[in-house]
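Asks: One structure, pasted below without further comment.
The values are calculated or read from the model by the stated rules, or taken from the named source; none is laboratory data. Every value quoted in this text rests on a predicted model; they were computed, and no experiment measured them. Quick reminder, even Gly has a Cβ in these numbers, built from the backbone with ideal geometry, and neighbours come from all protein chains shown.
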Amino acid sequence: MEDHSLGVREASGSNPDRSIMAERERGPHPTLRIKGTKSHSLLGKKIVLGVTGSIAAVKTVELARELIRHGADVYGVMSEAATEIIHPYTLHYATGHEVITKLMGNIEHVEFLGMEGSADLFIVAPCTANTINKIASGVSDTTVTAFATTAFGSGIPIIVVPAMHETIYKSPVLIENLDKLKSFGVTVIGPKFEEGLAKIVSIGDIILTVEHVLSQKKLAGKRILITGGPTIEPIDPIRVLTNRSSGRTGIELAKEAYKQGAEVTLIHCKELNMEGIKEVKVETAREMIDACVTELHRGKDEGEKYDVLISSAAISDFTVEPSEVKISSGEDFFLHLIPTGKLIEEVRNEFPELVIVGFKAETNVSEEELIRRAREKMGKHNLEMVVANDVGKGGIGTEENEVYIIRKSKKAKHVKGVKKLIAEEIVEELAKHFSLEKKVALMK
């Protein structure tokens, strides 16, 4: 693996050339064994992580490692103030590469972020108010600000993740400079406000934004509506009917579609609160169906027409007439199950041209029978794609799944693994549909 870690651990007092040679002779750092263990979404990407003097610098260890788990190579750059929060050795451990704390004769900022630089992205996390103001003003008096100025000059994407006291964040000077950075194309994530602080956003939000910035934007310009998770049917004020769905598939699909440039709305019973994803919270099957139809109509009426519905929710097939008071325990009682509506049927009747991706769950059937039933559903409702799985063998409520992705006139694609990877494959197949659709339109 090519090594571009030309930084010097200023606090160590070691000879920089010896440090570099020693790292090269040792080979890959043990930390790099986790590379790509969660996904390959950042595989082949080189990310420079700038760390400034905020107490939130303690979170950069996990951030660096999460970036690596998604396939990235990460190189740390620390301001002098940051080294007073965490030691450079710590970030070296987290990234697997020597940390840059001082610019030396190798002009590391140019090597990484210059016109012919090797890096794909510069992210400053956490980023203090002092650093934000300096970057916006073109001041380059620290390693981090020097890297930022160089990235601007070469057009390499920059992400800034603010973290500071809330009163500092509300400074009109800071607000003006953040707006200035955004006008220059800088992506600003957060902050989130808690306990009088403008805190660094979650690592999940940062990872998703990095994936979004570095993705190929295969669904750019598309609007996608996704249903996810279980529905909840009340029996009385305390008890409910539901199912084992965890909602992970819907969430991962929403994240993956957003990552690939789509505008995404997720209808489910949870609260994700993630950057870039609009949410509509529902509980019952009827609420989910109504919310879905309403959102599709709203988009059409307001000139924001949806291109795709991905119906991944495990919508209850039955509901009951709920009791207004708690049913007494210790006594026999019977539930009269009432069939619920069918989301895909209602949507297809009102939106005949909409691209719909359906899901088909069966239990303990052969592969051939599972695919046959999925294709039958595809033909009945004119679906562009069906994702089929045998829940008798697992998948519902778990972190992993095994599915068959079935498209019209295409051989079923077998995918097995964590649901994030499955979501990536589903979105990839959806992108292929639009790519083919575009080619056909150009030929006419």
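Asks: Within the stretch 372-383, can one find any residue that is closer than 20 Å to Ala257 by Cβ and either aliphatic (A, V, I, L, M) or within 30 Å of the chain's Cα centre (by Cα) (or both)? So that I can check it myself, show each step before the final result.
Replies: Quick first cut of the stretch 372-383, residues closer than 20 Å to Ala257 by Cβ only: 383.
Those still in the list that are either aliphatic (A, V, I, L, M) or within 30 Å of the chain's Cα centre (by Cα) (or both) too: 383.
Yes, some residue in the stretch 372-383 is closer than 20 Å to Ala257 by Cβ and either aliphatic (A, V, I, L, M) or within 30 Å of the chain's Cα centre (by Cα) (or both).
Asks: Right, something else. Could you check, for the stretch 233-247, whether at least one of its residues is β-branched (Val, Ile, Thr) and buried (at least 20 other Cβ atoms within 10 Å of the Cβ)?
Replies: Keep residues of the stretch 233-247 that are β-branched (Val, Ile, Thr), which gives 235, 238, 240, 242.
So of that shortlist, the ones also buried (at least 20 other Cβ atoms within 10 Å of the Cβ) come out as none.
No: zero hits.
Asks: Let me ask something additional. Among the numbered conditions (1) part of a strand (DSSP E or B); (2) among the hydrophobic types (A, V, I, L, M, F, W, C); (3) modelled with pLDDT under 95, tell me where Phe333 comes up short.
Replies: (1)
Asks: Is one or more of the residues making up the stretch 208-217 over 23 Å from Gly71 (Cβ atoms) and among the basic types (Lys, Arg)? It would help to see each step written out before you state the result.
Replies: Let us first name the residues in the stretch 208-217 that are over 23 Å from Gly71 (Cβ atoms), namely none.
For the stretch 208-217, residues over 23 Å from Gly71 (Cβ atoms) and among the basic types (Lys, Arg): absent.
Asks: Another question about this same structure. Could you tell me which numbered condition Asn243 fails, if it satisfies all but one of (1) under 24 Å from the mean Cα position of the chain (by Cα); (2) of a type outside the set (Phe, Trp, Tyr); (3) under 23 Å from Val387 (Cβ atoms)?
Replies: (1)
Asks: Looking at Ile356, is it within 21 Å of Thr249 (Cα to Cα), in contact (Cβ under 8 Å) with a residue 24 or more places away in the chain and outside any helix (DSSP H, G or I)? Walk me through how you get there before you give the answer.
Replies: Values: within 21 Å of Thr249 (Cα to Cα): yes; in contact (Cβ under 8 Å) with a residue 24 or more places away in the chain: yes; outside any helix (DSSP H, G or I): yes.
Yes.
Asks: Could you count how many residues in the stretch 118-155 are among the hydroxyl-bearing types (Ser, Thr, Tyr) and either closer than 14 Å to Ser54 by Cβ or part of a loop (DSSP other than H, G, I, E, B) (or both)?
Replies: Keep residues of the stretch 118-155 that are among the hydroxyl-bearing types (Ser, Thr, Tyr), which gives 118, 128, 131, 137, 140, 142-143, 145, 149-150, 154.
Next, from what is left, pick out any that are either closer than 14 Å to Ser54 by Cβ or part of a loop (DSSP other than H, G, I, E, B) (or both): 118, 128, 131, 140, 142.
So the answer is 5.
Asks: So, one more: Would you pick out the residues in the stretch 213-245 that are within 20 Å of Val427 (Cα to Cα), in contact with a Ser or Thr (Cβ under 7 Å, 6 or more places away or on another chain) and outside any helix (DSSP H, G or I)?
Replies: Residues satisfying the conditions are Leu225, Ile226, Thr227, Gly228, Gly229.
Asks: To continue, here is another question. Inspect all residues belonging to the stretch 371-385 and state whether any of them is of a type in the set (Gly, Ala, Ser) and either part of a loop (DSSP other than H, G, I, E, B) or more than 21 Å from Glu287 (Cα to Cα) (or both). Steps first, please.
Replies: So in the stretch 371-385, the residues of a type in the set (Gly, Ala, Ser) come out as 374, 379.
Subsequent filtering for residues that are either part of a loop (DSSP other than H, G, I, E, B) or more than 21 Å from Glu287 (Cα to Cα) (or both) retains 374, 379.
Looking for residues that are of a type in the set (Gly, Ala, Ser) and either part of a loop (DSSP other than H, G, I, E, B) or more than 21 Å from Glu287 (Cα to Cα) (or both), one finds at least one in the stretch 371-385, hence yes.
Asks: Ser316 - would you say it is polar (S, T, N, Q), within 26 Å of His381 (Cβ to Cβ) and either touching a residue at least 24 places away in the same chain (Cβ under 8 Å) or out of contact with any Asp or Glu (no Cβ under 6 Å at 6 or more places or on another chain) (or both)?
Replies: yes
Asks: Do we have Ala56 as in contact with a Pro (Cβ under 7 Å, 6 or more places away or on another chain) and not in a loop (DSSP other than H, G, I, E, B) here?
Replies: Yes; evaluated as a whole, the condition is true for this residue.
Asks: With Thr227, Thr284 as the choices, which residue is in contact (Cβ under 8 Å) with a residue 24 or more places away in the chain and over 20 Å from Lys420 (Cβ atoms)? Spell out the reasoning first.
Replies: Numbers: Thr227 fails: over 20 Å from Lys420 (Cβ atoms).
Answer to the check: Thr284.
Asks: A further question on this structure: Can you tell me which residue in the stretch 291-304 is farthest from Arg244 (Cα to Cα), limited to those that are loosely packed, with under 15 Cβ neighbours inside 10 Å and touching a helix residue (DSSP H, G or I) at 6+ places or on another chain (Cβ under 9 Å)? If you could, list the steps in order and put the result at the bottom.
Replies: Just the residues of the stretch 291-304 that are loosely packed, with under 15 Cβ neighbours inside 10 Å, to begin with: 294, 297-298, 300-304.
Applying the additional criterion that residues be touching a helix residue (DSSP H, G or I) at 6+ places or on another chain (Cβ under 9 Å) yields 297, 304.
Working: His297: 30, Glu304: 34 Å.
Looking at the filtered set, the residue picked out is Glu304.
Asks: While we're looking at this one, here's another question. Would you call His97 crowded, with 19+ Cβ neighbours inside 10 Å, under 18 Å from the mean Cα position of the chain (by Cα) and assigned by TED's automatic domain parsing to the domain that holds Ile158? Please lay out each step first, then the result.
Replies: Working: crowded, with 19+ Cβ neighbours inside 10 Å: yes; under 18 Å from the mean Cα position of the chain (by Cα): no; assigned by TED's automatic domain parsing to the domain that holds Ile158: yes.
Against the criterion (crowded, with 19+ Cβ neighbours inside 10 Å, under 18 Å from the mean Cα position of the chain (by Cα) and assigned by TED's automatic domain parsing to the domain that holds Ile158), His97 does not qualify.
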